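**Student:** The structure that follows is given in the form of structure tokens.
The values are calculated or read from the model by the stated rules, or taken from the named source; none is laboratory data. Only a predicted model underlies this, so the values are computations on that prediction, with no experimental measurement involved. With ideal geometry, Cβ positions are generated from the backbone for all residues, glycine too; neighbour counts draw on all protein chains shown. Accessible surface is based on the protein model in full, side chains and every heavy atom, while ligands, DNA and RNA are left aside. Shrake-Rupley method; radii C 1.70, N 1.55, O 1.52, S 1.80 Å.
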Amino acid sequence: VRIALNLKGVPFETRPTDLRKEEQCQPAFMTLNAQGLVPALEAEGRVLTQSLAILEWLETRYPRPRLLPCDPFDAATVRGMTALIACDIHPLNNLRVLRALKRDFDAPQWRVDEWAQRWISDGFTALETMVAKRGHGFCFGDAPTLADCALIPQVYSAERFGIKLSLYPRILAVVELARALPAFAAAHPSRQPDADSHP
Ligand SMILES: N[C@@H](CCC(=O)N[C@@H](CS)C(=O)NCC(=O)O)C(=O)O
């Protein structure tokens, strides 16, 4: 969401929510998102939740630059790539899922890591093929789309779990290109206002 806001030049203010202290489950945040998950975007007096819904709203409200192609089939392809990452990879390595494996299913840390790695690898293997078919620099075509907005944060997770990105040369090329753009660089976790307090 930060990447899309930056790409579209929409100014925003960040209100940090410390997931490790479970601030997302505190009443102050739960009034914004009953699910107790970040992000929540307050805009024009309303609150939006779920990254994909927020991205779609941003695309409609701030149409330039486009993050979805004009052609409906191409747009559906980009949405497919985006959903692959946001729906089929991300939830499986999300904090609450990994915590549940550890706390409720007694999985040791190495099994938890293996779990996260497995689903990232599965997803990236499929995405690699899709990028090879339709990407020309970015996931789809030669300019950033919603798929890149989803991919780059997931790569951050992949790196944390020790995934070898060299196994996915097309994805790696997208990452190198995207990370060189200010909109992506400024959205990196290390550049957020609360980053220093989380060494
Ligand atoms: N499908 C939701 C997922 C939101 C989500 O899982 N956010 C993570 C951070 S990236 C979170 O809040 N995790 C806290 C937790 O797992 O307790 C979306 O895309 O917005």
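**Student:** How large is the charge dipole for region 76-172, taken about the Cα centre, if only the Cβ atoms of Lys, Arg (+1) and Asp, Glu (-1) carry charge, to the nearest 20 debye?
**Tutor:** 100 debye
**Student:** Mind checking the full-extension length gain between ASP106 and THR129? Use 0.36 nm per residue of separation minus the Cα-Cα distance, one decimal, nm.
**Tutor:** So the chain would gain 4.7 nm between ASP106 and THR129.
**Student:** To check my understanding: the extent here is largest minus smallest coordinate of the Cα atoms along each principal axis. What are those three numbers for region 7-112, in Å, largest first?
**Tutor:** That gives 48, 33, 20 Å along the principal axes, largest extent first.
**Student:** For the chain, report the accessible area per residue in Å² (1.4 Å probe, heavy atoms, rounded to an integer).
**Tutor:** Working: 11360 Å² over 199 residues.
In whole numbers, the chain has 57 Å² accessible per residue.
**Student:** So how much slack lies between ARG179 and GLN26, counting 0.36 nm per residue of separation and subtracting their Cα-Cα distance, in nm?
**Tutor:** This chain segment gains 51.8 nm when fully extended.
**Student:** Roll a 1.4 angstrom probe over the protein heavy atoms and tell me the percent of accessible area of the chain that is carbon or sulfur.
**Tutor:** 56 percent
**Student:** I'd like to verify something in the chain: which complete DSSP H helices, judged by Cα projection on the helix axis, reach 18 Å or more and average at least 0.5 on the Kyte-Doolittle scale? Before the final figure, lay out the partial values.
**Tutor:** On the way: long enough: 72-88 (22 Å, 0.71); 109-134 (37 Å, -0.65); 146-160 (22 Å, 0.37).
Answer set is 72-88.
**Student:** How much length would be gained if the chain were fully extended between ASP74 and ARG118, taking 0.36 nm per residue of separation minus their Cα-Cα distance, in nm to one decimal?
**Tutor:** Details: separation 44, 0.36 × 44 = 15.84 nm, distance 2.86 nm.
Separation in residues times 0.36 nm, less the Cα-Cα distance, equals 13.0 nm.
**Student:** Once Lys and Arg get +1 and Asp and Glu get -1 on their Cβ, which of LEU98, CYS70, TRP115 lies farthest toward the positive end of the dipole of region 66-149?
**Tutor:** Final value for the positive-end residue is LEU98.
**Student:** Can I ask one more? About its Cα centre, what dipole magnitude does the chain give when the only charges are +1 on Lys and Arg Cβ and -1 on Asp and Glu Cβ, stated in debye to the nearest 20?
**Tutor:** Numbers: 23 positive and 23 negative charges, 15 e Å.
With Lys and Arg at +1 and Asp and Glu at -1, about 80 debye.
**Student:** For TRP57 and ASP194, FRET efficiency with R0 = 30 Å and r from the beta-carbon atoms, rounded to 0.05?
**Tutor:** Efficiency computed from Cβ-Cβ geometry: 0.75.
**Student:** Here's something else I'd like to know. With a/c under 1.5 counting as rounded, go ahead and sort the chain into rounded, prolate or oblate using the C-alpha gyration tensor (a ≥ b ≥ c being the square roots of the eigenvalues; past the cut-off, prolate if a/b is larger than b/c, else oblate). Can you show the working numbers first?
**Tutor:** Working: a/c = 1.68, a/b = 1.10, b/c = 1.53.
Here the chain falls in the oblate category.
**Student:** List the trypsin sites (Lys or Arg not before Pro) within region 1-53 that fall in a DSSP loop (any state other than H, G, I, E or B) and whose Cβ has at most 13 other Cβ atoms within 10 Å.
**Tutor:** The qualifying sites are ARG20, LYS21.
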